[in-house]
1. When residue A:189 is evaluated against the numbered criteria (1) within 14 Å of another protein chain (Cβ to nearest Cβ); (2) touching a helix residue (DSSP H, G or I) at 6+ places or on another chain (Cβ under 8 Å); (3) modelled with pLDDT of 85 or more, which criterion, by number, is the only one it fails?
2. Tell me whether the stretch A:196-205 contains one or more residues that are surrounded by 20 or more Cβ atoms within 10 Å (Cβ to Cβ), over 30 Å from residue B:153 (Cα atoms) and modelled with pLDDT of 85 or more.
3. Hey, among B:191, B:195, B:166, B:152, which residue is in contact with a strand residue (DSSP E or B) (Cβ under 8 Å, 6 or more places away or on another chain), surrounded by fewer than 19 Cβ atoms within 10 Å (Cβ to Cβ) and farther than 22 Å from residue B:72 by Cα?
4. Could you check residue A:201 against (1) farther than 20 Å from residue B:99 by Cβ; (2) within 14 Å of another protein chain (Cβ to nearest Cβ); (3) touching a strand residue (DSSP E or B) at 6+ places or on another chain (Cβ under 8 Å) and say which number it fails?
5. Do we find a residue being surrounded by fewer than 17 Cβ atoms within 10 Å (Cβ to Cβ), over 26 Å from residue B:154 (Cβ atoms) and at pLDDT below 90 anywhere in the stretch B:22-45?
6. Can you pull out every residue in the stretch A:237-266 that is within 14 Å of another protein chain (Cβ to nearest Cβ) and at pLDDT below 75?
7. Please pick out the residue among A:161, A:207 that is within 18 Å of the chain's Cα centre (by Cα) and farther than 25 Å from residue A:57 by Cβ.
8. For the stretch A:9-53, what are the residues that are under 20 Å from residue A:115 (Cβ atoms) and buried (at least 17 other Cβ atoms within 10 Å of the Cβ)?
């Protein structure tokens, strides 16, 4: 009996010690980790829009974040969008509520700045006074609209979908006509060397340039990637780097524009998961953004995008 | 097993050759087969295992007198899990470039057999210094095995080495799949055995 007691106490103490060490490390590193992740996301977003260290983004480029929420009130569901608006001479946020069919219901002003809106906690705090007590709000997803001088240049959609192993976090960039501008895989737990190759250029860049019509029926084909297409994907039409001539680039682009995605060898399921995930994200987004635009017009909300 | 009588350098060479974790002790075959697809992967995982092994060995060696004998294994698991978490968090916060490369591998290490085995066989009976050098030896032995496998698999399977195109074509994609990992590990074990037999024979003749 004494042995069992000793063992239990020893185990508990060990677990508590381990928890203490892990907790202390977490406290010291959490802020820096979040900062790094934020920088990473920023870099990904600018990369998707075509900007890099050599080609920095122009100051006229503005990125507006829209946050989508689901509001439940006494068994009635509605959609809420936190949108950046023009409030007099400053930029702030408003919360518009739409019913499930997309009809504009009402809009509330929020005391929130763009930086505060980045943190989920601050958003929740800003929403609290606006809602009635019986309403329950849950965060759905976010979308980022890139504007250059009052005109939309791109949509950036962060999203998460099931992969072969667990989840794949990706960001898709669409142009105003919902054609794919780029795809970045931010986080995944696929097998290194097999499914992990979804982060490579020769897979990601296959999505670039697919039109919305093609996207709706996009699938995966189990054929080896043709060599010329692979070269094009890895240089992405960059003719200076001793790759392809401008005429070849055009020919390859035209030829493969309407083809499906060539699956990764040994990772068909991962490739299919990414394809269906991207297609799902794009389709849902196109539907939602049209509804949002209609509702914003009806409600006469002074949105910034 | 009583405390070791080897010197520190002998411990390191032991981990590299005599008791190479993959090819002689046949431990941690999962990463050896699954993750040694490229040299870069093998190198990164090897470095991560080296750190976890050294830290865990030293920690257990420090507290070996206070571990209740009945809960050895949970204690080892707790230590390894704590160190893996700490390394993961520190990498993510202060070395983002390294984290991007090694991040997925570090979390896998908790389940590796080699680390628990080494704690059980060595660290809980030896001094901190000896455990440190043994951990270094095991870590390097594991890294050596992974890089060797990775080199063969990458060159023969994808025609590249560390990402650079060496052959210009893909000889046999089969080498990148796990089945080839099994075959290659077995083959390398045979090579190790052959070398040891030859060495012993020559040593006997030299006597």
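1. (3)
2. No: the stretch A:196-205 contains no residue that is surrounded by 20 or more Cβ atoms within 10 Å (Cβ to Cβ), over 30 Å from residue B:153 (Cα atoms) and modelled with pLDDT of 85 or more.
3. B:166
4. Of (1) farther than 20 Å from residue B:99 by Cβ; (2) within 14 Å of another protein chain (Cβ to nearest Cβ); (3) touching a strand residue (DSSP E or B) at 6+ places or on another chain (Cβ under 8 Å), only one is false for residue A:201: (3).
5. No, because not a single residue in the stretch B:22-45 is surrounded by fewer than 17 Cβ atoms within 10 Å (Cβ to Cβ), over 26 Å from residue B:154 (Cβ atoms) and at pLDDT below 90.
6. Within the stretch A:237-266, A:242, A:243 meet the criteria.
7. A:161
8. Answer for the stretch A:9-53, where residues must be under 20 Å from residue A:115 (Cβ atoms) and buried (at least 17 other Cβ atoms within 10 Å of the Cβ): A:33, A:36, A:41, A:44, A:45, A:46.
The values are calculated or read from the model by the stated rules, or taken from the named source; none is laboratory data. Predicted model, so just to flag it, every value in this text is computed and none were measured. Quick reminder, even Gly has a Cβ in these numbers, built from the backbone with ideal geometry, and neighbours come from all protein chains shown.
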